[in-house]
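Here the structure is laid out as structure tokens; the discussion comes afterwards.
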Amino acid sequence: MQIPSLIYLERYRNEGTRTYSSHAATTEAREDYRPDSNRDRFDLPLFAVPREQMLVYTANPSADLSAVYLDDDKAMFAIHPQVLDACPQDPYVQRTLNLCTGRGSLPVTPSSSTRTLFAVDRQPPHALKVHFPFRVSRYDRRMRHEVLEQAINVSRELEAGIGLLDPRFAFLREVIAVCHPNLDVGSAREENWGCLIRDMRPFPATRGSTRLVPGFALYGRDFYDPETPFLLTDLIGDGDPLLFVLENIMLPIIHHWVACFLHFGYLLEPHGQNVIFEVRKDNLISRIVHRDLSVGIDMRRRRDIGLSDSQLNGYNRMEHDKFHSIVYDRFMGSHFFDRLVDVCLDHYEGLCREDFTRPCKEAFASIFPEHRKYFPATVWYFSESRDRFNKPFYEDTGLAPDWRP
Ligand SMILES: Nc1ncnc2c1ncn2[C@@H]1O[C@H](COP(=O)(O)OP(=O)(O)OP(=O)(O)O)[C@@H](O)[C@H]1O
Ligand SMILES: [Mg+2]
């Protein structure tokens, strides 16, 4: 079996997966900028701006990435072309144009999230996560200052604490953020925005050749050929489907979720888009690579383990238990694991859903005995009503969880 490239999978092996909520298929991205467009790449405008005029955050970027985006007196700032075109009056677009001392462009191809863009044929492989104030799925996709700074904080902390996690855990480091300072000090929330550089080499580094397969590509249909078998069944091959899915996918992800929570208070969001499988030549899954470090942070847990908050800003700090259920029960459980179960029940005889949920519940309870202290008893999800910043409220579905006791 030939596994297509990460870029192909990100763009064209994601059909039929965006059904997990009534918003999942929404996109305001222009056709050319969508992951499933036919255009192989587009140019991302880059602006050289004086570094001292910008807020710059770093988390151990490699020297070669720093050399491209930062030097002593200059930073490279990226603006999505749809923003340049549709929002010319935006104060930070204007500030960029006013400050810029040179212009360039970078060929990019959109990832599955639309606003994260892979640099084409650049070493080291990296992506730019850019401000995109248009609706994709439930949210418009801004990259505000506090979000950027916190992603860098989390990347730095997770990198330093990597020894606390098991050898099958890897993540994509978010290593540079460049942001405008706030021009509207009286605003209720900082709206200054910027861009983030993500190193696409799974951390920690490993030797040997591997493929990267996004979670959704295991159960997504091929855009060009809907008859192509699911990658999940290809990877299972002659193996036992239940053992394969539990041991290579579900149980390691549960272990990673719990470990990140226990050691850092992080609420990973392991839905099909945030999880990438590292697959070896012999088609074995060697590691789970987590992407997207804009996680909720449970400050109750951090206090319980005496972990300082001095390196964190105020973004996504949580003092409640509701979001835990949204990410664990819904993002991971319903949006992702349920889809894997559906494929298995369709393809293999003699299996039932509980064959998957039961061992997952047992594992969660055994590695996380104090889970009731931090989790609500029922499943929570987003409400259709929103706060003044257009963020959805959370609501109790009243349902009993399927993927934890
Ligand atoms: N199969 C899928 N499951 C979940 N999300 C998907 C899927 N395919 C595409 N997406 C898109 O991925 C994004 C998921 O949101 P999320 O906040 O995790 O990512 P992001 O922060 O935009 O980007 P990144 O993951 O690159 O950091 C949404 O834009 C959603 O529409
Ligand atoms: Mg994501």
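FYI, it's all coordinate maths here, none of it is from the lab. Please read these numbers as outputs of a predicted model, since none were measured by experiment. Quick reminder, even Gly has a Cβ in these numbers, built from the backbone with ideal geometry, and neighbours come from all protein chains shown.
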- Message: Between the stretch 82-106 and the stretch 288-364, what is the separation of their alpha carbon centroids in Å?
- Response: 38
- Can you grab the distance from the C-alpha centre of the stretch 46-80 to the C-alpha centre of the stretch 230-286, Å, no decimals? 34
- Lys and Arg at +1, Asp and Glu at -1: neighbours of VAL213 with Cβ under 12 Å from its Cβ sum to +1
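Classify the stretch 25-199 from the C-alpha gyration tensor, please: rounded if a/c falls under 1.5, else prolate or oblate depending on whether a/b exceeds b/c. Present the calculation step by step, with values, prior to reporting the outcome.
Values: a/c = 1.34, a/b = 1.13, b/c = 1.18.
Taking the square roots of the gyration eigenvalues as a ≥ b ≥ c, the stretch 25-199 is rounded.
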- Give the residue from GLN89, ALA177, LEU99 lying farthest towards the positive end of the charge dipole for the chain; charges sit on Cβ (+1 for Lys and Arg, -1 for Asp and Glu) and the dipole is referred to the Cα centre. LEU99
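Would you compute, from DSSP H runs of 4+ residues alone, the mean residue ellipticity of the chain at 222 nm, taking -39500 (n - 2.57) per run and dividing by the full residue count, rounded to the nearest 500? Could the numbers behind the result be given before it?
Values: 13 runs with 109 residues, N = 405.
Taken over the chain, the calculation gives -7500 deg cm²/dmol.
Taking each pair of different alpha-carbon atoms in the chain once, compute 1/r for the pair, average those values, and report the inverse of that mean as the Kirkwood hydrodynamic radius in Å to one decimal. Please list the in-between numbers first.
Values: mean 1/r = 0.0455 Å⁻¹.
Computed over Cα pairs of the chain, the Kirkwood hydrodynamic radius comes out at 22.0 Å.
Less than 12 Å Cβ to Cβ from GLU174, Lys/Arg counted +1 and Asp/Glu -1: what total charge do the surrounding residues give?
Working: positive: LYS129, ARG156, ARG173, ARG198, ARG291; negative: GLU149, GLU157, GLU159, ASP199, ASP292.
Charge balance in the 12 Å sphere: 0.
Please compute the length gained on full extension between ALA86 and ASP121, using 0.36 nm multiplied by the number of residues separating them and subtracting their Cα-Cα distance. Intermediate results must be reported in sequence, preceding the final value.
Values: separation 35, 0.36 × 35 = 12.60 nm, distance 2.81 nm.
Answer, rounded to one decimal: 9.8 nm.
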- Task: May I ask for the distance between the Cα centers of the stretch 5-34 and the stretch 151-190, given as a whole number of Å?
- Result: 25
- Note on the structure: Other residues with Cβ under 9 Å from the Cβ of THR114 give, with Lys and Arg +1 and Asp and Glu -1, a net charge of +3
- Query: If you place +1 on the Cβ of every Lys and Arg, -1 on the Cβ of every Asp and Glu, and leave all else neutral, what size is the dipole of the chain about its Cα centre, to the nearest 20 Debye?
  - Reply: 680
